[in-house]
Amino acid sequence: MRPWIFLVLSALLQVGWLFSLRQTEGFTRLVPLLFYGFFGLTSAYCLSRSLDGIPMSTAYAVWTGISVAGTAMVDLAVFRQLDLSRLLCIALILAGSTGLRIASEPHARPGAGPTSPPATDPVGDAR
């Protein structure tokens, strides 16, 4: 569960990163630039921590989906830049991200889970 918390946090920080990028106005404003650095680095850190328990392709797809949805909400709330066709496409992205989350749970993969034996001998094959 902890990797998923890091993943969601990373995606939300990504929304802040994108919002602050827009506010830098071509990297000419200092305060938004500082927020840009903070959100970007913190998002990357949380994403890397999520990879401890989530396959990279799944993490990236879900991270992107949450980031797109969050950015769309900011566009709608702050900039009033969203239409029905974009909302429908975002809904499809979120549906796919949710499907990846469900498919990556241990019960969805035969033989996966906390009771499965390790795939390799921890000592190694050289004796």
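Every number in this text was worked out from the coordinates using simple rules, so none of it is lab data. What you are looking at is a predicted structure, and each value in this text was computed from that prediction instead of being measured. We place every Cβ from the backbone using ideal geometry, glycine too, and count neighbours over all the protein chains shown.
Put in order of Cβ neighbour count within 10 Å, fewest first, the listed residues Phe35, Phe27 become Phe27, Phe35. Of the trypsin sites (Lys or Arg not before Pro) found in segment 25-96, the ones in coil according to DSSP and having at most 15 other Cβ atoms within 10 Å of their Cβ are Arg29, Arg80.
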